[in-house]
1. Within the stretch 366-380, is even one residue open to solvent by 30 Å² or more (accessible area, probe 1.4 Å) and within 16 Å of ligand 1 (Cβ to nearest atom)?
2. May I ask you to verify whether D296 is open to solvent by 50 Å² or more (accessible area, probe 1.4 Å), modelled with pLDDT under 95 and not β-branched (V, I, T)?
3. Could you tell me which of the residues Y340, Y327 is in contact with a strand residue (DSSP E or B) (Cβ under 6 Å, 6 or more places away or on another chain) and closer than 22 Å to G420 by Cβ?
4. Select from the stretch 332-343 the residues that are within 15 Å of ligand 2 (Cβ to nearest atom) and part of a loop (DSSP other than H, G, I, E, B) and write down the one among them that is farthest from M305 (Cα to Cα).
5. Give the residues of the stretch 344-365 that are surrounded by fewer than 21 Cβ atoms within 10 Å (Cβ to Cβ), more than 10 Å from ligand 2 (Cβ to nearest atom) and part of a strand (DSSP E or B), sorted by residue number.
6. Just one of I46, I102, I53, I98 is at pLDDT 95 or above and over 26 Å from L135 (Cα atoms); which is it?
7. Please enumerate the residues belonging to the stretch 397-431 that are among the charged types (D, E, K, R) and either open to solvent by less than 50 Å² (accessible area, probe 1.4 Å) or in a helix (DSSP H, G or I) (or both).
8. Consider S139 carefully, then state whether it is of a type outside the set (V, I, T) and open to solvent by 30 Å² or more (accessible area, probe 1.4 Å).
Amino acid sequence: MTRLSEEWRRTHYTKEVDENTAGNEVTVMGWVHEIRDLGGIIFVLIRDREGQIQLTAPTKHIDPEVLEMVKKLRKESVIGMKGIVQESGKAPNGVEIIPSEIKIFNLANQPLPMDPTEKVKAEIDTRLDSRFMDLRKSSVSAIFKIKSRMLHSTRTFFEENDYIEVNTPKLVASATEGGTELFPITYFEREAFLSQSPQLYKQMMMSAGFDKVYEIAQIFRAEEHDTLRHLNEAISIDMEASFMDDADVMKVLNDLVKEVIIDIKDNCKNELNTLEVNLEVPEGQFEVVTYDDAVDMINSKDVPMEWGEDLSRAAEKALGDMMDGYYFLTEWPTEIKPFYVMPNEKTPEKSHAFDLMYKNLEISSGAMRVHQADMLRENIAKKGLNPDAFGAYLKAFEYGMPPHAGWGLGADRFNMTLTGLENIRETVLFPRDRRRLTP
Ligand code: ATP
Ligand code: MG
């Protein structure tokens, strides 16, 4: 097939070809979305990242060489086209292009592994098997344009609030917190693990005196269950800040979520339309429900839950039915929270831990942390873990560790709340679950 030579550069994305460009010569690049051959006239819809444009070839009135190229086209092939823009009442955007030159860069094999025109609905597994093609659908690429903007506005938020972006290791020697399963790997002659969370490292950055840090990176969890909200590889937006408590970092999280929503409403109008999502900016501060009240609320819906238990899926659903939008769940039992969570001073069976929920979905967990080495050592042992395995971490607490707090926000789950999607697999380009390791 044809290589890209110097004279072939895109002058316009399809959405930029409009009445204002009528009469001009343009060069567009894209995929053959549809071909309609009516004999005397051939219509070809060309699709690129931004939209579609109609190529119109009246067979008697165009260069025979160009006509020959048009006749060679197959669905989903990649082409370049130069031509004159012409107004047309019948064309999808009110304009069409009469081609003067066509380059075929890559002819697509037929039949296609799936239909990228959104006419035929496919199951998620079929779609993921041919994800590159699934992502050509505007309803799918919209999810990732929103995700990109979400990460952009998150970074902007942190930068504007003087946070330092950090990158902590993903190859680690020991478990962050026990509980969730880890993926073991072979590290030369030793066993190591894929990091389940940047928790210990972002805390060490507090001892390093960085004050306010954030990280956006992969977390790996050997979750065995097959759910619509767990993957084995996810993106976590993490922050940690010194001289702040749980209430302070809850406010940071609240502000971040609000600013991201405002930014996405402003900058992703087309994508939200494509997904038929009406995003609302939450008013005021998010509601706060204590764990104690949540237990009562859940029991009132005849879903059994004892004080001290984590929320079952049924409990999350019952609570989600009673709550609208985003809300915090606070004052969790110390017993079911990790060792680094600070217990309440007066009622140590309760802690300074919180979750941010969206309806029945947990999207973030955070807490004020324990910053005293002896208390940490004790807590680690109480959880049945070996304090010696945490030597490098504990050392950072023995030579000047400020009080601090932080949270981890699941980026993929946050994206689900922005796009109205129920299956986390939809919001990850190439999701990893127990059954899927390719593509
Ligand atoms: P859950 O109870 O839903 O399994 P968790 O409490 O184990 O989640 P945390 O350790 O609190 O998760 O992690 C912080 C955030 O990271 C979660 O609130 C969630 O948004 C995200 N997260 C955690 N595990 C996963 C996963 N397996 N897949 C996708 N996102 C995850
Ligand atoms: Mg959690």
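The values are calculated or read from the model by the stated rules, or taken from the named source; none is laboratory data. Given the structure is predicted, the values throughout are model-derived calculations rather than measurements. Cβ atoms come from the backbone with ideal geometry, glycine included; neighbour counts cover every protein chain shown. Each accessible area value is taken on the protein alone, full model and side chains, heavy atoms only, with ligands, DNA and RNA left out. Shrake-Rupley method; radii C 1.70, N 1.55, O 1.52, S 1.80 Å.
1. Within the stretch 366-380, one or more residues are open to solvent by 30 Å² or more (accessible area, probe 1.4 Å) and within 16 Å of ligand 1 (Cβ to nearest atom).
2. For D296, the condition - open to solvent by 50 Å² or more (accessible area, probe 1.4 Å), modelled with pLDDT under 95 and not β-branched (V, I, T) - is not met.
3. Y327
4. Of everything passing the filter in the stretch 332-343, Y340 is farthest from M305 (Cα to Cα).
5. Listed by number, the residues that qualify are K350, L361.
6. I98
7. Selection gives D412, R413, R425, E426.
8. Yes; evaluated as a whole, the condition is true for this residue.
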